[in-house]
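Just passing along the structure, written as structure tokens.
The values are calculated or read from the model by the stated rules, or taken from the named source; none is laboratory data. The model shown is predicted, which means the values in this text are computed figures rather than measured ones. Cβ atoms come from the backbone with ideal geometry, glycine included; neighbour counts cover every protein chain shown. Surface accessibility is based on the protein's heavy atoms, side chains included, excluding ligands, DNA and RNA. Shrake-Rupley method; radii C 1.70, N 1.55, O 1.52, S 1.80 Å.
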Amino acid sequence: SIMACLDDGKCDTTKRVETGGGVWPMYGRQMKDHNWRKGGYGTLTLPQTLHFSSNIGVSRIVDEYYHQHPEKFVEAIYRTGLADDLEIPLMGSSPARIRMPHKDKTGRHWANWSNTALPWMSIGYETQVPPISTLTFYNAIANNGRMMKPRFVKQVMKNGEVIDEYPPVVLREHIAKPQTIRTMQTILEQVVSQGLGKKAGSKSFKVAGKTGTA
């Protein structure tokens with residue numbers, strides 16, 4: 001979600017968002033941060049919304065820029081490759097399901113959308129994303145924006161001879177602009193060095209990551 005905002009040029013890392021005391025009313029429902037019982041985070045910068053995994057921060061930023069045109073947000077998510085069919089060679093595999101909003105026959109009202117759909121979708125609800133798709137997406141960020149097809153088998157051999165090979169396959173050369181990728185790499189490193197992901201850190205090398213809930 002943050003990558004979409006950055007890549008669309010909606011804002012930059014200086015963006016600030018108010019998250020209050022950890023509970024924020026949104027269209028008749030309450031969006032909560034994980035620490036809402038402890039008083040929330042108050043005002044956060046855009047990177048800090050990821051450092052501290054603020055549902056309110058991310059959803060308010062996305063809603064501010066895409067509420068009038070939610071289809072633009074979903075288009076931006078599609079451009080990251082998150083919903084691509086990875087063609088996993090395993091029975092039962094399927095691509096992510098991230099629905100595109102569309103209007104009814106009159107063209108005036110959303111047929112499959114509500115005011116709360118966008119903010120809740122922005123933090124992972126209302127979507128179905130297989131873990132392998134999430135992994136492929138994060139690998140692409142680590143790989144400077146190039147998205148590779150997951151590879152389970154490198155070679156098939158019989159009696160010491162290679163009878164089949166499966167070379168690396170590039171699915172997308174760029175899932176976002178180079179500057180967007182560099183910014184995301186920095187923020188995800190900060191999640192581990194400064195944010196809630198400190199336990200995943202190391203004194204020997206840099207680690208990037210993102211905390212999450214299931």
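Determine which member of the set K149, K177, K206, K158 is in contact with a strand residue (DSSP E or B) (Cβ under 8 Å, 6 or more places away or on another chain) and of a type in the set (D, E, K, R).
Being in contact with a strand residue (DSSP E or B) (Cβ under 8 Å, 6 or more places away or on another chain) and of a type in the set (D, E, K, R) holds for just one of K149, K177, K206, K158, which is K149.
Restricting attention to the stretch 162-208, which residues are of a type in the set (G, A, S) and under 22 Å from I2 (Cα atoms)? First the steps, then the outcome.
Within the stretch 162-208, the first condition is being of a type in the set (G, A, S), and the residues that meet it are 176, 193, 195, 197, 200-202, 204, 208.
Those that are of a type in the set (G, A, S) and under 22 Å from I2 (Cα atoms): A176, S193, G195, G197, A200, A208.
I've got another one for you. Specify which of the listed residues (T14, T49) is open to solvent by 60 Å² or more (accessible area, probe 1.4 Å), under 21 Å from the mean Cα position of the chain (by Cα) and within 25 Å of E75 (Cα to Cα). Spell out the reasoning first.
Working: T49 fails: open to solvent by 60 Å² or more (accessible area, probe 1.4 Å).
After applying the criteria, what remains is T14.
Of the residues L90, L50, L44, L6, which is at pLDDT below 95 and not basic (K, R)? Give the steps one after another, and end with the answer.
Working: L50 fails: at pLDDT below 95; L44 fails: at pLDDT below 95; L6 fails: at pLDDT below 95.
The unique qualifying residue is L90.
How many of the residues in the stretch 13-30 are hydrophobic (A, V, I, L, M, F, W, C) and within 23 Å of L188 (Cβ to Cβ)?
Total meeting the criteria: 1.
State the number of residues belonging to the stretch 126-156 that are of a type outside the set (K, R) and more than 16 Å from the chain's Cα centre (by Cα).
At the first step, the residues of the stretch 126-156 found to be of a type outside the set (K, R) are 126-145, 147-148, 150, 152-153, 155-156.
Add one more test, that the residue is more than 16 Å from the chain's Cα centre (by Cα), and what stays is 148, 150, 152-153, 155-156.
Adding up the residues that qualify gives 6.
I'm trying to understand the selection: among the residues of the stretch 75-90, which are more than 13 Å from F152 (Cβ to Cβ) and either in contact with a helix residue (DSSP H, G or I) (Cβ under 7 Å, 6 or more places away or on another chain) or of a type in the set (A, V, I, L, M) (or both)? Quick ask: steps written out before the conclusion?
Pass one, the stretch 75-90, residues more than 13 Å from F152 (Cβ to Cβ): 75-85.
Matches in the stretch 75-90: A76, I77, T80, G81, L82, A83.
Within the bounds of the stretch 25-39, is there any residue that is under 25 Å from K103 (Cβ atoms) and open to solvent by less than 60 Å² (accessible area, probe 1.4 Å)? Let's see the steps before the verdict.
So the first thing to find is which residues in the stretch 25-39 are under 25 Å from K103 (Cβ atoms), and the list is 26-29.
When the remaining residues are screened for being open to solvent by less than 60 Å² (accessible area, probe 1.4 Å), the result is 26.
Taking every residue of the stretch 25-39 in turn, at least one turns out to be under 25 Å from K103 (Cβ atoms) and open to solvent by less than 60 Å² (accessible area, probe 1.4 Å).
Give the stretch 68-90 a look and list any residue that's open to solvent by 50 Å² or more (accessible area, probe 1.4 Å), assigned to a loop (DSSP other than H, G, I, E, B) and under 30 Å from H109 (Cβ atoms), or say none. Break it down into steps so the answer makes sense when it comes.
Filtering the stretch 68-90 down to residues open to solvent by 50 Å² or more (accessible area, probe 1.4 Å) leaves 68-69, 72, 75, 78-79, 85, 87, 89-90.
Restricting the remaining residues to those that are assigned to a loop (DSSP other than H, G, I, E, B) gives 68-69, 85, 87, 89-90.
Those that are open to solvent by 50 Å² or more (accessible area, probe 1.4 Å), assigned to a loop (DSSP other than H, G, I, E, B) and under 30 Å from H109 (Cβ atoms): Q68, H69.
Turning to a different aspect of this structure: Suppose we filter Y65, Y138 for residues that are more than 22 Å from A208 (Cβ to Cβ) and hydroxyl-bearing (S, T, Y); which single one remains?
Values: Y138 fails: more than 22 Å from A208 (Cβ to Cβ).
Answer to the selection: Y65.
Keeping to the stretch 40-60, report how many residues are β-branched (V, I, T) and touching a residue at least 60 places away in the same chain (Cβ under 8 Å). I'd like the intermediate steps shown before the answer.
Here is the first cut: in the stretch 40-60, the residues β-branched (V, I, T) are 43, 45, 49, 56, 58.
Subset that is touching a residue at least 60 places away in the same chain (Cβ under 8 Å): 58.
Adding up the residues that qualify gives 1.
Would you tally the residues in the stretch 155-202 being within 15 Å of R79 (Cα to Cα), surrounded by 15 or more Cβ atoms within 10 Å (Cβ to Cβ) and not polar (S, T, N, Q)?
Adding up the residues that qualify gives 7.
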